[in-house]
Amino acid sequence: MTNFLSLSDVTDLDALIQSGRDAKANPFADQHIGKNKTIGLIFFNSSLRTRLSTQKAAQNLGLNVMIMNVGQDSWGLEMEEGVLMNGDKAEHVREAAAVIGRYCDIIGIRAFAELKDRNADYREQVMHQFAKYADVPIVNLESATRHPLQSLADCITIDEAKRVARPKVVLTWLPHFKPLPQAVANSFCEWMNARAQAGAVEFVMTHPEGYELAPEFAGNARVIYDRAEAFAGADFIYGKNWSSYTQYGQVLTQDPSWAVTMNDMALTNNGKFMHCLPVRRNLKVSDAVLDGPQSLVIEQAANREWSAQAVLKEILKRA
Amino acid sequence: MTNFLSLSDVTDLDALIQSGRDAKANPFADQHIGKNKTIGLIFFNSSLRTRLSTQKAAQNLGLNVMIMNVGQDSWGLEMEEGVLMNGDKAEHVREAAAVIGRYCDIIGIRAFAELKDRNADYREQVMHQFAKYADVPIVNLESATRHPLQSLADCITIDEAKRVARPKVVLTWLPHFKPLPQAVANSFCEWMNARAQAGAVEFVMTHPEGYELAPEFAGNARVIYDRAEAFAGADFIYGKNWSSYTQYGQVLTQDPSWAVTMNDMALTNNGKFMHCLPVRRNLKVSDAVLDGPQSLVIEQAANREWSAQAVLKEILKRA
Amino acid sequence: MTNFLSLSDVTDLDALIQSGRDAKANPFADQHIGKNKTIGLIFFNSSLRTRLSTQKAAQNLGLNVMIMNVGQDSWGLEMEEGVLMNGDKAEHVREAAAVIGRYCDIIGIRAFAELKDRNADYREQVMHQFAKYADVPIVNLESATRHPLQSLADCITIDEAKRVARPKVVLTWLPHFKPLPQAVANSFCEWMNARAQAGAVEFVMTHPEGYELAPEFAGNARVIYDRAEAFAGADFIYGKNWSSYTQYGQVLTQDPSWAVTMNDMALTNNGKFMHCLPVRRNLKVSDAVLDGPQSLVIEQAANREWSAQAVLKEILKRA
């Protein structure tokens, strides 16, 4: 693994999931492999789980960690090529990426979608510019369209908790008053399609009309607009809000009946509830679901450490 | 020691003071005890001494340190139970605490009083919610009503500097134009009352009328409204401003005669001056007092490292 | 070396440059020397290269690193003596410096010029107050009038890349719409004057009239107002914008013909281009120059790590 920008950087997903589970069982077994190496974690946006879990995973592998909040610790970065830099961005990514790449052996980047211009977001410019100019491996800490460390943690969580060989996994849209990026939903869809193709899960999506994901992420996943039908017999309900892709960045509905409650969970096969967090309680999911025995959200978040550790180990092995 | 939220978590105060003094004499003697363990320091408010001294103490014990500024590195946290989260808080403490507790072996939290609602502040919700949901030991890095790491450093400082077995310690209110929390004064009072009960000090408070501390902190401490009488023969003058508890969060007076000057120190038994810092010079205390041989403020701040180290060691021994 | 505030703290510049080059060749050779020691990096202003390269250099030497952003992680610091602190600064540097010095073995400070009051900036109050009150070595991470870690990296870069024993080095002013401090230009001038005196370089400056540097930095350096004449036969072109010293903090011209292009570089002896970064592309320097084989800017930034490592090693050897 050179970069970890998306699923396409993973050559053996089963092995990567297993590596995460091995790290969970024995966190310090590879403590030597990062010795005298440094990871830089660069945040264009806020972070709690990603910040802490990636830092922790790096430390477990013996890596030094340097963290920088762009626009707070330093200044804004220009991403476009060939421009006259007479605006508010004081430095170009060509220099920033190349220089950080000289101080760090791996660079993790978080840069959310701005939800203003679909083409701009879906070009994934920040990731691609860092990958182009940094000369060291880049790890996606959530980009405009993907959150692969989350998806790997989700795969680990499903793998741990499944009671049947090929569980039914349902991605369900949740209501929210603010427009959120599609990154987590896109990535989950991309990874579950791969798991479905490998025979590891049955994958279904349900959401209001108008919330169809981008075709390159939706792939051949089955969409069932009838939510009750989708939930029926599910082993895992994966809740997430996202704004519209087709009417880009818009909130088309806030219909509260899409929030997940115990009544909804009763439709499942005693299914587990998953969410990447943060989650707004009682807006998206009821307290009863989150605090009940069906909730996996804390274990899922805890697995972010092992997902990051598996990825960093894979990168360090190849470095 | 499981949590370190207040004095009531301390089983043997004499031993804890001695442990701090031992750490000061030999900072790296317990460097193995934190190996492969991590402390998370979570700041809802600004910090200089607490941030650096706790980080340093943790490193002395071999702990990894992860620091997060809430509302800056991440987003605001909802503390109330059962609410519909449709406001500005994106995550609930139930998830945040539980998740951080999966990445960290100990969590330190700083969350000041808001000084708007006395009941809200005195419920100490942030500390209690973290302690309830984190599943790992919580260390109070200054909460709405207490600053026990400061009080322990104060005990160490008095123990080091005392010239008689049972020194007279005076807590004196200082003037300030802004309303400040009662936390440092409360804690100091709580700890000095315990020290007085143990026969280690004689403790007296002096402040303008209307600045009486909450009964649960004031306890049986003697209040002498006549400042000169209180200062007479004191071995230690401990200065601090706080806003009114009874007229909650109000500045009732800014009377400059409550600032500590060399004339005031002349009333003491060649007493030492203490303050937790930061201190506004010449508003609360004169330059001459702070820069003279009677000032202990730098030594007191330096002792924050050893106070934190004693507490973290105690927690690690029990983990 | 006790402090590293300016060139005058360097006793043997040739040895220091060589020490940086040795660190680059063998980064971990001195990993034991910082064991159980801590450096505090205190930022009054934003930073990318300085933040990361100094942190990295410290880690290479085995130092623990604690970072604090003043005014963000903590509060503003009063620098003036004898004042009544009833404004927005909650703590005095006397306490802050003394206390940080108790937690840290070395302190690095970044505090830019405010460009409002020349005397205030050129007094270098922040550095001097920290040096006076901290009681541990202070490292200048860019002050109001100097950036010596940059200048040392520049010396290393020139030493590495020179093709003749005594290369011609030209400092050229670049256009910018915002007033920038003189620190980098001042320091470069100070260090190049020393290198010229040692016979290691021929040093020339070129800039529009009105941009003369302070006499104590310009020294005897030759100023050639005719830019083409200055560039002729140059081995190194060092570009930098600065605001006027004589009309303090003013932008006197934004003349775009002072931006460095390939046409300008064609006047040189196949010269190399240097800039301390960040650089606004096409405003100050053309893409073609920065992306061409003559550019040293990335190597120069990479050398910041070895410049910091040489300085920290020197300080640790003497501690």
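The values are calculated or read from the model by the stated rules, or taken from the named source; none is laboratory data. Predicted model, so just to flag it, every value in this text is computed and none were measured. Quick reminder, even Gly has a Cβ in these numbers, built from the backbone with ideal geometry, and neighbours come from all protein chains shown.
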Return yes or no: is B:MET79 touching a Gly at 6+ places or on another chain (Cβ under 8 Å), more than 19 Å from C:ILE107 (Cα to Cα) and either of a type in the set (D, E, K, R) or in the same structural domain as B:ALA134 (by TED's automatic domain parsing) (or both)?
no
Contact list, first residue from segment C:72-88 and facing chain B (nearest Cβ under 7 Å), second anywhere and of a type in the set (Asp, Glu), beta-carbon distance below 7 Å, six or more apart or interchain, is C:TRP75/C:GLU91; C:GLY82/B:ASP287; C:MET85/C:GLU78
Just a yes or no: is a residue in segment C:100-111 farther than 17 Å from C:GLY34 by Cβ and aromatic (Phe, Trp, Tyr)?
no
Only one of B:LEU149, B:LEU174 is touching a helix residue (DSSP H, G or I) at 6+ places or on another chain (Cβ under 9 Å), crowded, with 24+ Cβ neighbours inside 10 Å and in contact (Cβ under 8 Å) with a residue 40 or more places away in the chain; which?
B:LEU149
Scanning segment B:37-76 residue by residue, those over 26 Å from C:GLU91 (Cβ atoms) and modelled with pLDDT of 95 or more turn out to be B:LYS37, B:THR38, B:LEU61, B:GLY62, B:LEU63, B:ASN64
Quick count over segment A:89-98, residues being facing chain C (nearest Cβ under 7 Å) and either among the polar types (S, T, N, Q) or surrounded by 21 or more Cβ atoms within 10 Å (Cβ to Cβ) (or both), is 5
Name the residue, out of C:THR38, C:THR11, that is more than 14 Å from chain A (Cβ to nearest Cβ) and surrounded by fewer than 19 Cβ atoms within 10 Å (Cβ to Cβ).
C:THR11
Is at least one residue of segment A:107-123 under 18 Å from A:SER6 (Cβ atoms), within 13 Å of chain C (Cβ to nearest Cβ) and surrounded by 18 or more Cβ atoms within 10 Å (Cβ to Cβ)?
yes
Tell me, which helices (runs of 4 or more DSSP H) lie completely within segment A:219-308 with 1 or more residues that are buried (at least 21 other Cβ atoms within 10 Å of the Cβ) and more than 13 Å from every other protein chain (Cβ to nearest Cβ)?
A:227-231, A:262-265
For segment C:21-35, name all the residues that are in contact with a helix residue (DSSP H, G or I) (Cβ under 9 Å, 6 or more places away or on another chain) and within 14 Å of chain A (Cβ to nearest Cβ).
C:ALA23, C:LYS24, C:PRO27, C:PHE28, C:ALA29, C:ASP30, C:GLN31, C:GLY34
Members of segment A:209-218 that are part of a loop (DSSP other than H, G, I, E, B) and surrounded by fewer than 21 Cβ atoms within 10 Å (Cβ to Cβ)
A:GLU209, A:GLY210, A:GLU212, A:ALA214
Would you check which residues across segment A:167-199 are out of contact with any Asp or Glu (no Cβ under 9 Å at 6 or more places or on another chain), closer than 15 Å to A:GLY239 by Cβ and part of a helix (DSSP H, G or I) and list them?
A:ALA185, A:CYS189
Return the residues of segment A:129-140 that are under 17 Å from the mean Cα position of the chain (by Cα) and either of a type in the set (Val, Ile, Thr) or within 13 Å of chain C (Cβ to nearest Cβ) (or both); say none if nothing qualifies.
A:ILE138, A:VAL139
Restricting to segment B:217-251, name every residue that is out of contact with any Ser or Thr (no Cβ under 9 Å at 6 or more places or on another chain) and closer than 19 Å to B:SER187 by Cα.
B:ALA218, B:GLY219, B:ASN220, B:ALA221, B:ARG222, B:ASN241, B:TRP242, B:SER243, B:SER244, B:TYR245, B:THR246, B:TYR248
Can you name every residue in segment B:197-210 that is under 30 Å from B:PRO256 (Cβ atoms) and touching a residue at least 24 places away in the same chain (Cβ under 8 Å)?
B:VAL201, B:GLU202, B:PHE203, B:VAL204, B:MET205, B:THR206, B:HIS207, B:PRO208, B:GLY210
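So in segment B:25-35, with the set limited to residues that are free of Cβ contacts under 8 Å to residues at least 24 places away in the same chain and assigned to a loop (DSSP other than H, G, I, E, B), which one is nearest to A:ASN64 (Cα to Cα)?
B:ALA29
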Can you spot a residue in segment A:302-318 that is aliphatic (A, V, I, L, M) and at pLDDT below 95?
no
Return the pairs, sorted by first residue and then second, in which the second residue is outside any loop (DSSP other than H, G, I, E, B) and among the hydroxyl-bearing types (Ser, Thr, Tyr), the first residue lies in segment A:1-24 and is more than 12 Å from A:SER307 (Cα to Cα), the beta carbons are less than 9 Å apart, and the residues are 6+ apart or on different chains.
A:SER6/A:SER187; A:LEU7/A:SER151; A:LEU7/A:SER187
Top-ranked residue of segment A:58-71 - restricted to ones that are at the interface with chain B (Cβ under 9 Å from one of its Cβ atoms) and free of Cβ contacts under 8 Å to residues at least 60 places away in the same chain, ranked as farthest from B:LYS35 (Cα to Cα):
A:ASN69
Does segment C:36-57 contain any residue that is touching a residue at least 60 places away in the same chain (Cβ under 8 Å) and aromatic (Phe, Trp, Tyr)?
yes
Can you name every residue in segment C:162-205 that is within 14 Å of chain A (Cβ to nearest Cβ) and out of contact with any strand residue (DSSP E or B) (no Cβ under 9 Å at 6 or more places or on another chain)?
C:PRO175, C:HIS176, C:PHE177, C:LYS178, C:PRO179, C:PRO181
Given the conditions (1) at positive phi; (2) away from chain A (no Cβ under 11 Å), every one holds for B:VAL126 apart from (1)
Starting from segment C:271-297, take each residue that is of a type in the set (Gly, Ala, Ser) and list its partners that are part of a loop (DSSP other than H, G, I, E, B) and crowded, with 24+ Cβ neighbours inside 10 Å, counting only C-beta distances under 7 angstrom and pairs at least six apart or across chains.
C:GLY271/C:ALA234
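May I ask you to verify whether A:LEU48 is crowded, with 21+ Cβ neighbours inside 10 Å and more than 10 Å from chain B (Cβ to nearest Cβ)?
Taking the combined requirement at face value, the residue does not satisfy it.
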